[in-house]
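Notes to accompany the following structure.
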Amino acid sequence: MTQTTRAPGTIDPGFGQRGFAFFPLPGSEGLNRTVTILPDKRVLVTLVYPPFDDVALGLAVFKEDGSLDPVFGSGGIKDISFSQPLTFYPNTVLLLTSGGWLIAGTASTEKGLSLAVAKFQADGSLDPTYGAASTPGLTLIDVDDLVKGATLLSSDQAPTDIMDNDGGNGAISATQQDGKIVIGSVVSVEGTPFPRGIVIQLDSTGNLDITFNCKGYLLVNLPDGLDWTNVMAVRFQDDYLVVCGNYRKDLKLGGYFNRYDRLGNLDRSFGERNNGTVLISLDDRLVRLSSFTVKSDNSLIGAGYVMDNQIGGLVVHLTPKGSYNLLFNGGTPLVSKFLDSGVLWRTSMVQSDSNLIIAGQGGEDLGELRSSITARLLPNGDVDLKYADKGWVEYPSPDVGGNHTFRDAALKSDDYMYVSETQMEGGGTTRGSVFRYLV
């Protein structure tokens, strides 16, 4: 890659068209969703197609310079169809040591909405040894088969007071360890007035792993009668599974972290109350968590937002045992209000020097998802003024306008990061872009 002397927080013109790859790509109807950096520095972008198109899912692979990789698929694009008609909405890509990857998300089928996990080989072909015999390469999970009367909720179907429309990163989250994959989402259950967070574990072949909670899944329980829950993110912390999400009780909205052992038992050594749960709240403000990251020292970085008279981005730093890190923002949650129109953090990433890269959505207060925004924080929570000269940057600039929805971000250590976003233009036309920032 050609080296550049541009400052951190600026678009890197060494990628694609002056820093951008635009979607749909020539010859494809797919719009960009997730972005993942492969071990060889190529970039994998998942593509979403119109509902019940002949193509269920698309994959595009770019070289480091932003050109499509001609050896992948057909000119860098591979269209994926399964053995039954469906539309696949990807949310998480998990890289495998074998060189392939797992893609987790939701699938819209003739029967309705299901959780879905597809396994791919390094060339982008489905792994026929994974999944059910009727759908080689793909596992579909009907939550009603697990919990009688349950219905899977996507982020735009769930009540806004328990799950917001988060640009595609909250309807399902997934993580893997030892060949097993854990999925988190939210369901409604017939006969109960509130949604519930659900955590499901699959084995290495894509079948339900009944070593987890004796039945392969669990419904999230919180203390103090907090019944309304969802799951926004799941991550492994050594031999523990940490689950992050949100709750509601009466008019109070907050976030939570739960920690479980590998068998699905709540780890009661986690949290200051020794009950396996950490609740995140800020006085009478409405708190929402979107995701979290596990640092190399096993501490937890949560990202989300706070709602009061203005929406502010939220960052929470917990120690490995679930206490607030006293070295980060004085041991309190950090709220950032860089934009008058609101900031919502969707994801957090850690650089080798422990600086944090936070990315998400700007402009929500205006009723229009105006921009994607990134910031760099020092280990103590201060903004790093070396990043974009003020510690944060948004794209596009405020004078561009339009409806820009943050979709995903990926960080390559101390070099650069990719952001995936889509834009709604006049007449209802939607396009997308993946662009690269220097960090």
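Within segment 14-31, work out how many residues are within 9 Å of Phe435 (Cβ to Cβ) and in contact with a Pro (Cβ under 8 Å, 6 or more places away or on another chain). So the answer is 1.
Condition check for Asp297 on (1) touching a residue at least 40 places away in the same chain (Cβ under 8 Å); (2) within 22 Å of the chain's Cα centre (by Cα): one failure, at (1). Within segment 28-73, the set of residues being free of Cβ contacts under 8 Å to residues at least 40 places away in the same chain and of a type in the set (Ser, Thr, Tyr) comprises Tyr49 only.
Here the condition is being surrounded by fewer than 19 Cβ atoms within 10 Å (Cβ to Cβ) and in contact (Cβ under 8 Å) with a residue 24 or more places away in the chain; of Leu115, Leu95, Leu25, it holds for Leu95 alone. Can you name every residue in segment 122-144 that is outside any loop (DSSP other than H, G, I, E, B) and among the charged types (D, E, K, R)? If the condition is that a residue be outside any loop (DSSP other than H, G, I, E, B) and among the charged types (D, E, K, R), then Asp144 is the only one that fits.
Here are some residues: Asn221, Asn258, Asn230. Which one is closer than 27 Å to Arg346 by Cβ, in contact with a Pro (Cβ under 7 Å, 6 or more places away or on another chain) and of a type outside the set (A, V, I, L, M, F, W, C)?
One residue alone meets the criteria, Asn230.
Assess whether Ser108 counts as being surrounded by fewer than 23 Cβ atoms within 10 Å (Cβ to Cβ), closer than 25 Å to Glu29 by Cβ and either in contact with an Asp or Glu (Cβ under 8 Å, 6 or more places away or on another chain) or of a type in the set (S, T, N, Q) (or both). When the stated conditions are applied, Ser108 passes them. When the residues of segment 214-246 are filtered to those that are in contact (Cβ under 8 Å) with a residue 60 or more places away in the chain and among the hydroxyl-bearing types (Ser, Thr, Tyr), the one that is surrounded by the fewest Cβ atoms within 10 Å (Cβ to Cβ) is Tyr217.
With a requirement of 3 or more residues that are of a type in the set (A, V, I, L, M, F, W, C), the strands (runs of 3 or more DSSP E) lying completely within segment 49-121 that satisfy it span 57-62, 87-95, 101-109, 112-120.
May I ask you to say which residue of Leu286, Leu378, Leu300 is hydrophobic (A, V, I, L, M, F, W, C) and crowded, with 22+ Cβ neighbours inside 10 Å? Write out each step before concluding.
On the way: Leu286 fails: crowded, with 22+ Cβ neighbours inside 10 Å; Leu378 fails: crowded, with 22+ Cβ neighbours inside 10 Å.
Sole residue among the options that is hydrophobic (A, V, I, L, M, F, W, C) and crowded, with 22+ Cβ neighbours inside 10 Å: Leu300.
Check whether at least one residue in segment 212-234 is part of a strand (DSSP E or B), among the polar types (S, T, N, Q) and either within 28 Å of Leu31 (Cβ to Cβ) or out of contact with any Lys or Arg (no Cβ under 9 Å at 6 or more places or on another chain) (or both), and report yes or no. Scanning segment 212-234, I find no residue that is part of a strand (DSSP E or B), among the polar types (S, T, N, Q) and either within 28 Å of Leu31 (Cβ to Cβ) or out of contact with any Lys or Arg (no Cβ under 9 Å at 6 or more places or on another chain) (or both), so the answer is no.
Values in this text are rule-based calculations from the coordinates and carry no lab data. Source: prediction; values computed, not measured. All Cβ positions, even for glycine, are placed from backbone atoms using ideal geometry, and neighbour counts span all protein chains on display.
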